[in-house]
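Here the structure comes first, spelled out in structure tokens, and everything after it is commentary.
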Amino acid sequence: MSFHSTIRPVLVIFLLFGQFPLYGVLYRKPSRWQFRWTSFQTVFSLVLMVVGCFLCAVEYDRLQVIGVNADNIIGPLFYADVIIIMLLLLRVAHRWSSMIPKWDQVEALEVMQYNARQQDARSARRIRAVALALLVMGFVEHMLSIGKTLYAKVDEGRVCNWDYSNLPEYYALRTYGFFFRRVPYNFPSFIFLEYANTALTMAWTVQDVLIIMISDSIAGFFDRLNARIQFYSTVQVIAREKFWSEIHSDYVMVCELLEHAMSICSPLLVVSCGTNLYLICYQLFHLVESEKFIIMTVFTYYSLFFVILRTFLTLHYCSAVHEVARKPLKLCRRIPTTGWCEELERFYTFIRKSSIAVSAMGLFRLTKRTMLTMLGAVITYELVMLHFVQSTANQGIVRECSTEEFLFEPKMQSSAN
């Protein structure tokens, strides 16, 4: 099973959330996958970006009224971040057609056909399971977020003695009051705003899943090469110069695929690392707070677990490319002197002197050491955030039953007893 056949069902799920607008994904032939500015997928993705820009502007205006603190600054930052992610996903989709021939060329290599059917089936099941699990967990996280917001609004109505008969309308008017004060409340608009928020939130998970799938595929190509090298690195079998020349050529071709893929996806990787780092710090900050409702506690712990898991899997699959690409150095050292030749020497020197790894725009390479570096960065940024909390302790606090948050009150309000 080819890489594009493996990821096709996952890309269909992306399209359900308006992400990665690649036309023709339903076709089995990747050559028919194209990017079109006039396609429904692209137009819909652009509409979601416009909605995101509007919501970002509204959040900014709201903070101008109530003030900024370490907690509520996530509002405009969230929309700004997901808009950047969607623009980068749009860029990747626009240039995806240039990667398809290179992927087909590598998959057509003779060394990739060795035990291909069995290995491809296992790899396809594994990566689909990982992608589906992350997407489901991301969707569940957003549903928990909606649940805690709904519970908080209902409790607000009880404490403030507000009378309402239509729960969806009350929730919409309190949550999206900035919109419905200009447009009369209607259920379709409320549903679209909820869907847009869900789709924008899923951009976080989509970017990481896409990076994981690409990294896993390229690491799999290096694994195939390593399997053949290991077979010929025994004392009993001595490879010919032609074999090492072909292995060297195939290895370079996989490296070129990695370089081309990173030239397209590396900006997305930079944003992914920055986003995940901030989200981990943000959720850790909320652990020290005493939550009012049990659903808020569940959401906080679940969200922290999910962002850590997503970050770990992204770094793990990216760093695996570096690990398997360097493995031939160990395998070649096992070859006896009688099996050493000029082509093997060239191949060994090429790997030793090359920096083969998933790169984030040349700023850093993702290896196992990156995980430890990121852990240190989390501790540093958490201290910075705690200092920011102290300096903004008296800002951005919305009084209970206040109309400041969205400058809106429910339509029906009874006097307090």
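Miscellaneous remarks
- The requirement of being more than 22 Å from the chain's Cα centre (by Cα) and open to solvent by less than 10 Å² (accessible area, probe 1.4 Å) is fulfilled nowhere in the range 81-90; no residue meets it.
- Failed item, numbered, when Asn394 is tested on (1) part of a loop (DSSP other than H, G, I, E, B); (2) modelled with pLDDT of 90 or more: (2)
- Candidates Arg62, Arg125, filtered to the one that is charged (D, E, K, R) and without any contact (Cβ under 8 Å) to a residue 24 or more places away in the chain: Arg125
- Annotation note: of Leu279, Leu287, the sole residue that is under 25 Å from Thr205 (Cα atoms), open to solvent by 40 Å² or more (accessible area, probe 1.4 Å) and in contact (Cβ under 8 Å) with a residue 12 or more places away in the chain is Leu287.
- Positions within the range 303-315 being within 17 Å of Val270 (Cα to Cα), open to solvent by less than 20 Å² (accessible area, probe 1.4 Å) and either free of Cβ contacts under 8 Å to residues at least 60 places away in the same chain or of a type in the set (A, V, I, L, M, F, W, C) (or both), in sequence order: Val307, Leu315
- Restricted to helices (runs of 4 or more DSSP H) entirely inside the range 158-244, those with at least 1 residues that are open to solvent by 30 Å² or more (accessible area, probe 1.4 Å) and of a type in the set (Asp, Glu) are 167-175, 187-231.
- Residues (in contact with a helix residue (DSSP H, G or I) (Cβ under 8 Å, 6 or more places away or on another chain), part of a loop (DSSP other than H, G, I, E, B) and surrounded by 12 or more Cβ atoms within 10 Å (Cβ to Cβ)) located in the range 316-374: Ile335, Cys341, Ser354, Ile356, Ala357, Ala360, Met361, Phe364, Thr367
- Residues within the range 24-51 that are among the aromatic types (Phe, Trp, Tyr) and open to solvent by 70 Å² or more (accessible area, probe 1.4 Å), tallied: 3
The values are calculated or read from the model by the stated rules, or taken from the named source; none is laboratory data. Note that the structure is predicted; figures quoted are calculated from it, not measured. A quick note on method: Cβ atoms are made from the backbone with ideal geometry, for glycine too, and the neighbour counts reach across all protein chains shown. To get the accessible areas, we keep the full protein, side chains included, count just its heavy atoms, and leave off ligands, DNA and RNA. Shrake-Rupley method; radii C 1.70, N 1.55, O 1.52, S 1.80 Å.
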